[in-house]
Amino acid sequence: MARLYLLVALVALSAAAQVQPKALVGKYCANCHSQKLKTAGLVLEGLDPADPGPNAGVWERVIRQMRGNQMPPPGLPRPDAVTNANFTKSLADGLDRVAAQHPNPGATRPHRMNRHEYSNAVRD
């Protein structure tokens, strides 16, 4: 009997793990965050979660909201916990992969020049 429950649980986990990110966004997110409604100023319609690089800021926001169980809002259908965790993990891994391929250290902050930097600035 215990083996049957374990088998059912494994089948349910594997089915939840196979949910495609684009289908999940279409099912749970795109209704409110469409080009027409633009709920919270966020449009997910037409964005591909499999390629998060061009819209990294949007997908970071999605990850924060979904990990905090704030989206989808209460009262609307939401994915089960395993599907939610798999989706946010795959999205975060995709963003990490893009960040590793295209690192952006940011701009240098203003600082006081040392003698060598000052000499070079005067010379130039």
Computed lengthening from residue 121 to residue 81, 0.36 nm per intervening residue step minus Cα-Cα distance: 8.7 nm
Segment residue 58-residue 34, extension gain: residue separation times 0.36 nm, minus the distance between their alpha carbons: 7.3 nm
Under Karplus coefficients 6.51, -1.76 and 1.60, residue-wise ³J(HN,Hα) of region 30-40 in Hz, glycine/proline x: 5, 5, 8, 9, 9, 4, 6, 7, 6, 4, 6
Heavy-atom accessible surface of region 34-124: percent carbon and sulfur, 1.4 Å: 53 percent
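Where only protein heavy atoms count, and the probe is 1.4 Å, what is the accessible area per residue for region 65-123 in Å²? Write out the running numbers ahead of the final one.
Details: 4800 Å² over 59 residues.
That works out to 81 Å² per residue.
The values are calculated or read from the model by the stated rules, or taken from the named source; none is laboratory data. Nothing here was measured: the structure is a model prediction, and the numbers come from that model. Quick note on the areas: whole protein, heavy atoms, side chains included, nothing else; ligands and nucleic acids left out. Shrake-Rupley method; radii C 1.70, N 1.55, O 1.52, S 1.80 Å.
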